[in-house]
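**Q** Structure incoming, see below.
Rule-based calculations on the coordinates, nothing more; no lab input. Every value quoted in this text rests on a predicted model; they were computed, and no experiment measured them. So basically every Cβ, Gly included, is an ideal-geometry build from the backbone, and we count neighbours across all protein chains shown.
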Amino acid sequence: MLFSFFPSRSIAVYLGKTFLWRCFAMLAMLVLVLQMLDLLSEAGNVLSYPGNGDAELWRYVSLRMPQIISRFLPFSVLLGTLIMLATLNANSEVIAMKSGGLSAHQILAPLMLASLGVAIISYVFNERVVVRATATLSAWENAKFGPIPGDRGIKSNIWVRDGEDLIRAGTITGAGSNARLQNVDIYDRHGDKLVQIISAKTGRLTSEGWLMEGVRVFDVVRGTSREVASLTVGKGIRPDQFTLSSVDPDGLSFTELQDAIETLRESGRPVASLEGALWHKITGPLSALLMPLLGSVAAFGIARSGKLFVRAVIGMALGFAFFVADNFALSMGNLGVYPPILAAWAPFLLFLLVGEAVLITTEE
């Protein structure tokens, strides 16, 4: 029995089902409360656009809820673990299982397996649902909760610098040589002085540069304006400077973000922060795997010693310490202090060792 992680199928199923029920119950409670608070803070912004009503509020909820689920799923696993293990300890079920010959690792094994399943579901949910909801919600917020184009690949309000000049594109569709600009403003500067403002309805890439059509040129010095049929500007501006000038890793799937990173790297642009976010798309869901191990301190020890509450607090402190360390490492990776792969994986591996050390020291 000591060499089998699942010596009893009945106990394993019982622990796994109880664990999952507690976790999803905590997740439902957290999502319900946080969604209500978020809706109260954003409802005014959604309804401020003329014509918006209840349907737009429900649309906002449908787009915001996947983000809340993704962010707080590891917290719910931690809280579900603590509640379940503290209850088992208080009812002397842990003592009964240990009297039957089960070790601490064997008691936690069904929980670890169930949390691995939760991590896989979380990853798939993030890739298929959360990234799409995040991209749509970001575009909707940029449109002040008004109508947004149906093209998910559209980008808005992009600024690019061309020497001393600044170029702003209202919207951008397509990629590479097929990139199309709409509502373009070009601020022609010499030194610290603004000379003229060029506004164009559309722009597309040609061999000579970016061909702007429907152009209106305003001379700042003379205060006059004139209409021009077309004008070529920005010969040295690459399409990726428009399409990849503001990459949102939360709105891209793992493969899409990986492709964006490769494109940016080929153009010689920094990608350290995006690489950290790429690896965190894996380590983020995997953090659910740590929660039973970090919360296991609440399961072991005699409940009548009066220290059960203290053990639960210690387990909660270990879990929240992991989230703090995880965010700190990502911030250091964004600043270039840590390598991206270290920033994403170091907290996970560190607290995996910490949880195992605490379990062995206190119980095994």
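**Q** How large is the charge dipole for segment 1-106, taken about the Cα centre, if only the Cβ atoms of Lys, Arg (+1) and Asp, Glu (-1) carry charge, to the nearest 20 debye? Before the final figure, lay out the partial values.
**A** On the way: 7 positive and 5 negative charges, 94 e Å.
The dipole of segment 1-106 has a size of about 460 debye.
**Q** Let me have the relative contact order for the chain, percent, based on Cα pairs under 8 Å that are six or more residues apart. Please report the intermediate quantities before stating the final value.
**A** Working: 546 pairs, mean separation 61.6, N = 364.
The normalised contact order for the chain reaches 17 percent.
**Q** Residue-wise, which Karplus ³J(HN,Hα) couplings in Hz belong to segment 47-54, taking 6.51 cos²θ - 1.76 cosθ + 1.60, θ = phi - 60°, and x for glycine or proline?
**A** Ordered by residue, 3J(HN,Hα) equals 7, 5, 6, x, x, 6, x, 4 Hz.
**Q** Then there is this: Count the lysine pairs in the chain whose Cα atoms lie under 28 Å apart, taking only pairs 8 or more positions apart in sequence or on different chains.
**A** Pairs that pass both the separation and distance tests number 12.
**Q** Kirkwood hydrodynamic radius of segment 155-246 from all distinct Cα pairs, in Å? Walk me through the numbers before you get to the answer.
**A** On the way: mean 1/r = 0.0759 Å⁻¹.
Radius from the Kirkwood sum: 13.2 Å.
**Q** Kindly rank 74-82, 162-170 from highest to lowest mean number of other beta carbons found within 10 Å of each residue.
**A** Values: 74-82: 25.7, 162-170: 16.8.
Ranking, from highest mean packing down: 74-82, 162-170.
**Q** Given Cβ point charges of +1 (Lys, Arg) and -1 (Asp, Glu) and nothing else, what value in debye, to the nearest 20, does the dipole of the chain about its Cα centre take? Before the final figure, lay out the partial values.
**A** Values: 30 positive and 30 negative charges, 115 e Å.
Taking the Cα centre of the chain as origin, the dipole is about 560 debye.
**Q** Among MET332, MET112, what is the fewest-to-most ranking by other Cβ atoms within 10 Å? Write out the running numbers ahead of the final one.
**A** On the way: MET332 16, MET112 19.
The order, fewest Cβ neighbours first, is MET332, MET112.
**Q** Right, another one. What residue among MET291, LEU252, SER273 has its Cα farthest toward the positive end of the dipole of the chain, where the charges are +1 on Lys, Arg and -1 on Asp, Glu, each on the Cβ?
**A** Farthest towards the positive end: MET291.
**Q** Per residue and in Å³, how big is the convex hull formed by the alpha-carbon atoms of segment 1-126?
**A** It comes to 108 Å³ per residue, whole-number rounded.
**Q** Further question: Add -39500 (n - 2.57) for each DSSP H run of 4 or more in the chain, then divide by its residues: what number comes out at 222 nm, to the nearest 500 deg cm²/dmol?
**A** The helix-only estimate for the chain comes to -20000 deg cm²/dmol at 222 nm.
**Q** Right, next: Taking the chain, how much of its Cα-Cα pair set, in percent, is spaced more than 39 angstrom apart? Walk me through the numbers before you get to the answer.
**A** Working: 23221 of 66066 pairs.
In whole percent, the long-distance tail amounts to 35.
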